[in-house]
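Colleague: The following block contains the structure, expressed as structure tokens.
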Amino acid sequence: MDGLVVQQAQAIPALREDLRLSETRAGSDGEPTWVIQDTVLNRFYRIGWLEFEFLVRWGAPAAEICEQIAAQTALRPEPDQVETFGHFLEQHQLLRPSPQALARMQQRDEAGQGWLTWRWWLHHYLFFRIPLLHPQQPLAWLAARLGWLFSPAAGITVVLLSLLGVVMVLHQWDTFATAVVESFSTEGLLSFALALLVAKTLHELAHALVATRLGLRVAHMGVAFVVMWPMLYTDTGESWRLRNARQRLAIASAGILCELALAGLATLGWALCEPGALRNALLYLATTSWILSLALNASPFMRFDGYFILSDLLDFPNLHERASAMARAAIRRTLLGLPEAWPEPFAPQQRRLLVAFALITWLYRLTLFLGIAVTVYLFFFKLLGIFLFGVEITWFIMMPIWRELKYWWAHRASVQTGRRWLFWGLLGVLLLLLALPWRTQVHGFGVARSENQLRVFAPFAARLQSIHPIGQVQAKDTLITLDEPDIASRMRSSEAGLRGYQARLAGLIADAAGLDQQAVTRQRLSVQVEEAQAARSEIARLKLQAPFAGQWQDVNPGWHSGQWLNAREPIGILIDPAHWQIDAYVRQEDVQRLATGRHVRFYPNGQPDPLSGRVIAIASTRAKQLAHPMLASRFNGPIVVTAERDVLIPNPAVFHVLIQLDTAPPALRETRGQLQIDGDRRSLLGEAGTYLLAALLRESGF
């Protein structure tokens, strides 16, 4: 080992000869640090000044090591610290195995730790890697020819082009959003998968190129399987050799920056392209890269790029493990009052930040692992899905909780009596709160509309003569007067013919010889009368009157006398301002908690004060279509819909609930908003048990 003095002693196993020790950048507190490299596994372990002094004198008895360090340095170690460090080295296989260690390994193998056991398969089901490439030579060739990509000019150009693409997409946002929604099909999902493969390949290539440019060796690239989900990976473990934190940060952030650049350029390309296959491909690249970079890779709560970027920015290795240890100690000290020592000496403010980070990480991982468990269950056939679901829940969620509870139980004697009673009291209050039936609110979305409202249309294409101004009208008031020249001309012609036949009929009555023509003339006269009456009826339809008193509104102020109107365009709307109802929609799992007569609070969009009402009707079947497009997700509404032949179908299912408002909305027009409806009292504990039992019964048939 370079620069490392190894002394042989039977008391402590010797270090492996193939290890390498190199000095790295000093820590945030100014303490010098070193890195141990395991050249076989290409793993790196960062150590401090005290551990370095241990290694320099390794091989001597622990007491002698401590005496030498105390005599030659300002450090004052204890023998148990040497033993603890020795356990660390042995655990990570950095020591030459002693006969005792070989015996322990053999005992573990005989006890069932080999590849034929369920533990081996469980571990490799949860995570395993398959190296595919040893890319050092191709990476060196690429790095030599792609150096221009790492120049400031290239970076500024990509940023400016990306900003231009974002601005251009914002100008046609409706088209972009519609294209994204319409891409969720079988063909679209396959295209998204292909775009994901392209983006992740470039992501990993960016990590590898930056590491190569900084003089590091990329040992291998391949595919890692996390709960059977394939993910590309690049081994950049040698970045810990770098003393410059900015260089390590460059390697960690290269993948995210590459995906952001790809997303920005694809966004610009989508905005400039004409509709077609190329534009669709750019859409998939843009959306996939934006989402993966900002929502997944940048997250510091999993061991993705965001975590390593944050660790390098803070110069805080093993952030997750150290923050979790600090949070466990804080919980034990606060909740149980255990005399737990802090794992590391930190200032109170830094300690609180680490605890908060660990709690957020636990919550994030809980949500993520539950989602993975459900996905695994749905992905495989039922029997295997149930088994794998149980594995996910047990290994990732229940096991950490069980280990912590075991620790609490083992140290129960150290818990003070008062703190013990407080703990059980709080637990009892929590169970009581979960068991008591509380009145809960049912959330929904709806549109407030007048109970009596009339959209006024022209009966047929006609010419506008006059229109009532916007405002209050009474029943029978004329709202619109229209004119149709062809009907008026036809009525005048019918009336003229009617007068002619009447005169002719009078002459035939005076003429005794005209009796034979009287019947024919009377028949023609009857036809003319009917035509004249029909024309008068059509003309009467052109005078539109209010069937009830109300508010006349939504009239186009640009209309003028003499303008032609078609029969499909609404002219205005007449509403009754005294009586208002809400067409509300609630989720399928919430509708059984509702009943007629329940109190409702309606929060119109843009209005701070709610309106009161009551439920008057509840649909017994799911809504087959959405009556109000303003609620549909296709039109930026809150309810997700699928469109089939221009029919908006809610998905997932919702139920229609009719609500009578006590007062009218201030705007006196159709208003979208949210609702809170008083539901049945329920116990959260009982409902969870009912839901779990129902799920077990539903999934019990194979």
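Readers should treat all values here as calculations from the given coordinates under stated rules, not as data from a laboratory. Predicted, not measured: the structure shown is a model, and the values here were computed from it. Here Cβ is always computed from backbone atoms with ideal geometry, including for glycine, and neighbour counts include all displayed protein chains.
Colleague: Placing +1 at every Lys and Arg Cβ and -1 at every Asp and Glu Cβ, with all other atoms neutral, what dipole size does the chain have around its Cα centre, in debye to the nearest 20? Display every interim value, and only then the final one.
Modeller: On the way: 64 positive and 59 negative charges, 185 e Å.
With Lys and Arg at +1 and Asp and Glu at -1, about 880 debye.
Colleague: Something else now. Angle between the Cα long axis of helix 152-171 and the longest principal axis of the chain, 0 to 90 degrees, nearest 10?
Modeller: 30 degrees
Colleague: Under the rule of -39500 (n - 2.57) per DSSP H run of 4 or more residues, summed and divided by the residues of the chain, what mean residue ellipticity at 222 nm is obtained, to the nearest 500 deg cm²/dmol?
Modeller: On the way: 20 runs with 328 residues, N = 702.
Mean residue ellipticity, 222 nm, calculated: -15500 deg cm²/dmol.
Colleague: Let me ask something additional. What ranking do 176, 88 get, fewest neighbouring Cβ atoms within 10 angstrom at the top?
Modeller: On the way: 176 19, 88 14.
The most exposed by this proxy come first: 88, 176.
Colleague: Please enumerate, by chain and number, the aspartates and glutamates with C-alpha under 18 Å from the C-alpha of residue 406, excluding those fewer than 8 residues away in the same chain.
Modeller: Partners found: 340.
Colleague: Shifting gears a bit: Under 16 Å from the 7 Å Cα→Cβ point of residue 617, by amide nitrogen: which residues of region 564-597?
Modeller: 580-586, 595-597
Colleague: Compute the distance in nm between two label points, each set 7 Å from the Cα along the Cα-to-Cβ direction, one at residue 278 and one at residue 599.
Modeller: 6.3 nm
Colleague: Would any residue of region 329-354 have its amide N under 17 Å from a label point 7 Å out along Cα→Cβ of residue 408? List them or say none.
Modeller: 329-340
Colleague: Let me ask something else about it. So what's the Cα pair-distance distribution over region 318-435, bin width 10 Å, in %?
Modeller: Result returned by the calculation: 12, 30, 34, 18, 5, 0.
Colleague: Of the options 676, 388, 323, report the single residue whose Cα projects farthest towards the positive end of the charge dipole of the chain (beta-carbon charges: Lys, Arg +1; Asp, Glu -1).
Modeller: 676
Colleague: Say R0 is 45 Å: what FRET efficiency, to the nearest 0.05, do residue 607 and residue 488 get from their beta-carbon distance? The partial results should precede the final answer.
Modeller: On the way: r = 48 Å, r/R0 = 1.07.
Here the calculated transfer efficiency is 0.40.
Colleague: Same structure again: Can you tell me the order of 47-55, 592-600 when each peptide is scored by its average per-residue count of other Cβ atoms within 10 angstrom, highest first?
Modeller: Details: 47-55: 18.1, 592-600: 15.3.
Highest mean packing first, the order is 47-55, 592-600.
Colleague: Alpha carbon centre of region 361-377 versus region 634-682: separation in Å?
Modeller: Going from one Cα centre to the other spans 31 Å.
Colleague: Given R₀ = 25 Å, FRET efficiency for residue 22-residue 150 by Cβ-Cβ distance, to 0.05? Let's see the in-between values first.
Modeller: Working: r = 25 Å, r/R0 = 1.02.
Result of the calculation: an efficiency of 0.45.
Colleague: Find, among the trypsin sites (Lys or Arg not before Pro) in region 460-501, those assigned to loop by DSSP (not H, G, I, E, B) with at most 14 other beta-carbon atoms within 10 angstrom.
Modeller: Numbers: sites: 463, 476, 490, 492, 499; in loops: 476.
Those that pass, being in a loop and sparsely packed, are 476.
Colleague: Grab the Cα-Cα distance for residue 424 and residue 460, subtract it from 0.36 nm times how many residues apart they are, and report the gain in nm with one decimal. Can you show the working numbers first?
Modeller: Details: separation 36, 0.36 × 36 = 12.96 nm, distance 7.75 nm.
Separation in residues times 0.36 nm, less the Cα-Cα distance, equals 5.2 nm.
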